[in-house]
Amino acid sequence: MAVATAEKLETPTSRDFYFSDELWLSEDEKLVRDSARQFVAAELLPRIRAWDEGNLAPFAKGEELTRHLAKRIAGALNLFGATLPELGKYVGEAEFIPMTPSAYGAAMREIEYADTAIRSLASVQSSLGMYAIYAYGSEEQKKKWLPPLYRGEKLVCFGLTEPQGGSDPGNMKTRAEKTPGGWTLDGSKVWITNGFADVAVVWARTPEGIRGFLVEKGTPGFTVRHEVKWAMRAGTASALTFTNCRLPEGSLLPKTVAAPGQDLKSPLRCLSEARYGICWGAVGSARASVEEAIRFAKDRVLFDKPLAAKQAVQEKLVWCLNETENANLVALQLGRLKQLGKLHFGHISLAKYNNVDKAIQVAQRCVDVLPADVFTFEAYDAGRHLRNLQIVKKYEGAHEIHSLVVGRAITGVSAF
Ligand SMILES: Cc1cc2nc3c(=O)[nH]c(=O)nc-3n(C[C@H](O)[C@H](O)[C@H](O)COP(=O)(O)OP(=O)(O)OC[C@H]3O[C@@H](n4cnc5c(N)ncnc54)[C@H](O)[C@@H]3O)c2cc1C
């Protein structure tokens, strides 16, 4: 067997140190990744700092910006719902461009290289909203909603979390009562990404257990109040309130039915889909932070030498690269498992547990390497990624909850 000599080997660089995209992604998957990278460079990176600061011009508010971004992501990348195998049946076979799980994941990684809030927009639209309608909806619901959601013409949100605690959705207070010809919904949801959406997937307790409903924007009794937050500022989250909110019969997602005690299965399946994308996205945030810190360390001269020439700085940069590239390998492995139909929610929990926490530590160390300007909105991105990642650690199953999921899997004992 011919063995390459050292001179012929390519020196690894900070972007994809292990050549893992090269070896593990197919040519089609690389094309999706490259399109996402181009889109991010042309449309997101030049504007993201201003959007994060709150300067949304020419958009008047977060909703307008989000709607614009959704149309652009759909138009440039055909990303929404792209891994749903039979989506073509609803959006038209000629129009639908399916993606493998790894292609979708790589696109999410590239988008979060720019910003978590924008990756979050795509996760909620694709994996929470469209997946719920696709997996649990009637034919009529799928025909009505999936095509405009795929095209980014309409937006969907996903209401599970309630004020008394998102980690314990079994303690759900929102109720749907059967009425002649429909349902009445009462309760509230908090921290719902894109709560202004055209349709909300809302989970509520019914006499048969927890079930999903489609609630259209503007339904009497349904109000939305936006939250102000210091992280993921380029996206919106809202509290949704339902007061004697009358829903038609056809609003129930009919396949969200499960045996007693199993009624969280449907919402948790949707969350698994979204968490898959999060595991990839965290790599993007970490990678953007490391690349920025390396660039700065090479440029900044202190004590007559570039910072990059200091051992203490190199050690930090290498720690960051190591954790980022390891997280990327974990994401690629999830993609393979998903493609093979072997991805268990325990795999996703361990990957989120690792990738997000490591991305936070990476962003923190990069902030340590960067100068004081990292605390402004205008210069540097690592501080913004650090802020955003704090939310990622809390949402979609908080870090501690994922440790309990994996702990139960390996010990057989529940410690919730
Ligand atoms: C920007 C943003 C967007 C969001 N988008 C959505 C959305 O679109 N849809 C949606 O439904 N929700 C959404 N959420 C809500 C999110 O999923 C919840 O915040 C999350 O589930 C945690 O719930 P909580 O905030 O009520 O915290 P709690 O559940 O009250 O938990 C508080 C803390 O206690 C820890 N904890 C809980 N149980 C245990 C335990 N057994 N052992 C040890 N520690 C424990 C948790 O890890 C957490 O750190 C979003 C949140 C944010 C911030």
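Any read-out appearing in this document is the output of simple, stated calculations on the displayed coordinates, not a laboratory observation. If you're wondering where the values come from, they're calculated on a predicted model, not measured in any experiment. Neighbour counts run over all protein chains shown; Cβ positions are idealised from the backbone, glycine included.
Anyone know which of TYR90, TYR131, TYR276 comes out most mobile in the 10 Å Cα GNM of the chain? Among TYR90, TYR131, TYR276, the largest GNM mean-square fluctuation belongs to TYR90. Computed from backbone phi with θ = phi - 60° and the Karplus coefficients 6.51, -1.76 and 1.60, the 3J(HN,Hα) list for the stretch 311-323 is 4, 5, 6, 4, 4, 4, 5, 5, 4, 5, 4, 4, 5 Hz; x is used for glycine and proline.
Among residues other than ASP357 with Cβ under 11 Å from its Cβ, the summed charge is +1 (Lys and Arg +1, Asp and Glu -1). The alpha carbon centroids of the stretch 316-380 and the stretch 85-118 are separated by 21 Å. Think of each Lys and Arg Cβ as +1 and each Asp and Glu Cβ as -1; about the Cα centre, that makes the dipole of the stretch 192-320 roughly 260 debye. A Förster radius of 45 Å, combined with the Cβ-Cβ distance separating GLU140 from THR376, puts the computed FRET efficiency at roughly 0.30. Bridging of LYS154 to lysines at a Cα separation below 20 Å is possible for LYS61, LYS71, LYS89, LYS142, LYS143, LYS144, LYS217, once same-chain residues fewer than 8 apart are set aside.
Calculated [222 nm] ellipticity per residue, helices only, for the chain: -15500 deg cm²/dmol; basis is -39500 (n - 2.57) per DSSP H run with n ≥ 4, divided by all residues, nearest 500.
Please get the size of the charge dipole for the stretch 265-411, origin at its Cα centre, with Cβ charges of +1 on Lys and Arg and -1 on Asp and Glu, quoted in debye to the nearest 20. Write out the running numbers ahead of the final one.
Details: 21 positive and 15 negative charges, 126 e Å.
Using Cβ point charges on Lys, Arg, Asp and Glu, the stretch 265-411 gives about 600 debye.
Of all DSSP beta bridges located in the stretch 77-222, what percent are antiparallel, nearest 5? Of all bridge pairs located within the stretch 77-222, approximately 70 percent are antiparallel. Amide H contacts for GLY159 (H built 1.01 Å from N in the peptide plane; partners 5 or more residues away or on another chain; cut-off under 5 Å): VAL201, VAL202, TRP203. Here, the stretch 157-251 is characterised by an Rg to Rh ratio of 0.97, where Rg is the alpha-carbon radius of gyration and Rh the Kirkwood radius. Relative to the longest principal axis of the chain, what angle (0 to 90°, nearest 10) does the C-alpha long axis of helix 101-114 take? The helix 101-114 is inclined about 70 degrees to the chain.
Lysine pairs in the stretch 265-411 whose alpha-carbon atoms fall under 25 angstrom of each other, counting only those eight or more residues apart or on distinct chains, come to 24.
Candidate cross-link partners of LYS178 among the aspartates and glutamates, defined by an alpha-carbon separation under 13 Å and a same-chain spacing of 8 or more, comprise ASP186, GLU208, GLU249.
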